[in-house]
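A.B. asks: Take a look at this one; I'll ask things after.
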Amino acid sequence: MPAHKAARKSVAAPATTPPLPSGAVVRGAIYDRILQAVLEHRLPPGTKLVEDRLAELFDTSRAQVRDVLARLADEGVVTTIPNRGAFIASPTPEETREVFEARRLIEPALVRRFIAQRDDAAVERLRALVLEEQQARTRQDRPTMVRLSGEFHIRLAEYAGNRMLERSMRALASLTCLAIFLYDAPHATACREDEHELLLNAIARRRADRAAELMLEHLAHIEASLDLRVPRDEAVDLAAALMPR
């Protein structure tokens, strides 16, 4: 090979790694933190989400916070009121009934779709999540227990392999947690402690009809535990709810 061609070949531009989409990473982190606080009942319904305060807490711009709040509003987790700002949603009794109606339509189908995937590794990941939930119940860690219960349904939707249904399920699970915070009867039992385990066992055995039936029973038990007459009202400090302890 001629020398000038060899030299030309040796100075080829090195491969570069595309820069990380830092804005998307920041927005994702804020979204995850707010959603986790909702699932753990640390951000109760009606909490005002002040853009300036959130930007300060997360060391970012108001524009980034505004994008996250818009996403949460699109999912129904945040309500935006003109001239007043953004608030964690407070599902009305009728909206709560609609949430459970939607879940009864969606989740049996998700169970069947998940079983059709025949993904044993995903079943084991769910089993580990159920074990964490049981451990949280044993130590009476209600916030973690509530969050893991919601995550069980979100991950089941994820493993079923339909991104649109997964997105819907994420919003429905969050709204369910908000409804439970508002309307949970103090002495009611939302569901049997082993309902997720029983459901997962039916999924592992690929008993689609039984798993769908158990899912409907599970949702019915949760809805029946709610007292939709008088919502709770509780104020919260954003920093305490969102920042790591």
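A.B. asks: On the given criteria, is A160 among the aliphatic types (A, V, I, L, M) and out of contact with any Phe, Trp or Tyr (no Cβ under 8 Å at 6 or more places or on another chain)?
C.D. replies: Working: among the aliphatic types (A, V, I, L, M): yes; out of contact with any Phe, Trp or Tyr (no Cβ under 8 Å at 6 or more places or on another chain): no.
So A160 does not fit the description; no.
A.B. asks: Select from the stretch 217-241 the residues that are part of a helix (DSSP H, G or I), modelled with pLDDT under 95 and touching a Phe, Trp or Tyr at 6+ places or on another chain (Cβ under 8 Å) and write down the one among them that is least open to solvent (accessible area, probe 1.4 Å).
C.D. replies: I222
A.B. asks: Also: What are the residue pairs meeting all of these: first residue in the stretch 199-216, first residue open to solvent by less than 10 Å² (accessible area, probe 1.4 Å), second residue among the charged types (D, E, K, R) and not in a helix (DSSP H, G or I), Cβ atoms under 9 Å, and 6 or more apart or on different chains?
C.D. replies: Once the first residue is open to solvent by less than 10 Å² (accessible area, probe 1.4 Å) and sits in the stretch 199-216, its partners that are among the charged types (D, E, K, R) and not in a helix (DSSP H, G or I) give A211/R205.
A.B. asks: Another question, then. On the given criteria, is T79 under 20 Å from the mean Cα position of the chain (by Cα), open to solvent by less than 30 Å² (accessible area, probe 1.4 Å), farther than 18 Å from I154 by Cβ and of a type in the set (V, I, T)? Talk me through it step by step, then tell me what you get.
C.D. replies: Numbers: under 20 Å from the mean Cα position of the chain (by Cα): yes; open to solvent by less than 30 Å² (accessible area, probe 1.4 Å): no; farther than 18 Å from I154 by Cβ: yes; of a type in the set (V, I, T): yes.
Judged against the criteria, T79 is not a match.
A.B. asks: Check every one of the helices (runs of 4 or more DSSP H) wholly within the stretch 89-189 and list those with 1 or more residues that are farther than 26 Å from R205 by Cα and within 14 Å of the chain's Cα centre (by Cα). Walk me through how you get there before you give the answer.
C.D. replies: Working: elements: 93-117, 120-138, 142-160, 163-183.
Those helices (runs of 4 or more DSSP H) span 142-160, 163-183.
A.B. asks: So, one more: Could you list, in sequence order, the residues of the stretch 37-74 that are more than 17 Å from L175 (Cα to Cα), acidic (D, E) and without any contact (Cβ under 8 Å) to a residue 24 or more places away in the chain?
C.D. replies: Passing the criteria: D52, E56, D59.
A.B. asks: I'm told R139 meets every condition in (1) more than 20 Å from A157 (Cβ to Cβ); (2) in contact with a Pro (Cβ under 7 Å, 6 or more places away or on another chain) except one. Can you identify the failing condition by its number?
C.D. replies: Just one mismatch for R139, condition (2).
The values are calculated or read from the model by the stated rules, or taken from the named source; none is laboratory data. Values in this document were obtained by computation on a predicted structure and should not be read as measured data. Reconstructed Cβ throughout: ideal geometry from the backbone, glycine too, with neighbour counts over all protein chains shown. Calculation scope for accessible area: heavy atoms of the full protein, side chains included, ligands and nucleic acids excluded. Shrake-Rupley method; radii C 1.70, N 1.55, O 1.52, S 1.80 Å.
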